[in-house]
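The values are calculated or read from the model by the stated rules, or taken from the named source; none is laboratory data. As the structure is a computational prediction, the values presented were derived from the model and not from experiment. Positions of Cβ are generated from backbone atoms using ideal geometry, with glycine treated the same way; all protein chains shown enter the neighbour counts.
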Amino acid sequence: MMARPKSMIDLLTTASDGRDERADMVHEMIARWPCVRAFLFVGSLCIIAGGFVAAVTRPTGFVLGSWTAAFLVLVGGVAQIALGAGQGWLAHQPPPTRRVRAEVVFWNLGVAATIVGTVAGMPIVTTAAGCALVAALGLFIATTTAPNSTRRSARVIFRAVAGIVLVSIPIGLGLAWSRHP
């Protein structure tokens, strides 16, 4: 009588040396947590701030409130969390603390300056903000260039998200300059 084959879950989670790959993944995620937490924390704050801005937009008559709320949530929050978490998971080695700090600073200066430049009607400030965002995106992409065949499809998705954000920057700058020549 032939031995019954293991289930697909058993086949996927047990390495050839008998160790549990899920446990290895958990240990790796814990080791990479320090390079992700700043993006998660600040990104979450941006999402909350976007909710507050949305709540006060109509009662205060804040004309750019809807745009500000959406920008805080999508770029300051969702994109930041996705890029930070993606980098933390996809980088061959966890990125150094100095690089993570630089990314957090460039990204959030870019987000803040975009809002200030837009609300104040100063496209030159918005342009400087776009440069900070491009610098942060460059750091994110450079950190995830190491080959890692097991995460190839995730790397493609990460680069697609970064590419969408990158393409949206000149579009936003064009709109900023067209509104305030």
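Odds and ends about this structure:
- The condition of being closer than 15 Å to residue 115 by Cβ, touching a residue at least 24 places away in the same chain (Cβ under 8 Å) and assigned to a helix (DSSP H, G or I) holds for only one of 80, 87, that being 80.
- Flag if residue 71 is aromatic (Phe, Trp, Tyr) and not in a helix (DSSP H, G or I): no
- The residues listed here are 162, 132, 136; of these, the one that is farther than 14 Å from residue 84 by Cα, modelled with pLDDT of 90 or more, in a helix (DSSP H, G or I) and touching a helix residue (DSSP H, G or I) at 6+ places or on another chain (Cβ under 8 Å) is 132.
- Only one entry in 169, 141 is part of a helix (DSSP H, G or I), in contact with a Leu (Cβ under 7 Å, 6 or more places away or on another chain), of a type in the set (A, V, I, L, M, F, W, C) and buried (at least 16 other Cβ atoms within 10 Å of the Cβ), namely 169.
- So residue 22, is it at pLDDT below 85 and charged (D, E, K, R): yes
- Sole residue being under 10 Å from the mean Cα position of the chain (by Cα), buried (at least 21 other Cβ atoms within 10 Å of the Cβ) and of a type in the set (A, V, I, L, M), chosen from 75, 100: 75
- Only one entry in 155, 159 is without any contact (Cβ under 8 Å) to a residue 40 or more places away in the chain and of a type in the set (Lys, Arg), namely 159.
- Residues of segment 125-144 that turn out to be within 28 Å of residue 57 (Cα to Cα), in contact with a Gly (Cβ under 7 Å, 6 or more places away or on another chain) and among the hydrophobic types (A, V, I, L, M, F, W, C), as a count: 4
- Taking each residue of segment 12-39 that is under 23 Å from residue 105 (Cα atoms) and among the hydrophobic types (A, V, I, L, M, F, W, C) and looking for partners that are at pLDDT below 80 and not in a loop (DSSP other than H, G, I, E, B) with beta-carbon atoms closer than 9 Å, six or more apart or interchain, yields 36/29.
- Screening segment 120-135 for residues that are without any contact (Cβ under 8 Å) to a residue 40 or more places away in the chain and among the small types (Gly, Ala, Ser) and picking the one that is surrounded by the fewest Cβ atoms within 10 Å (Cβ to Cβ) gives 120.
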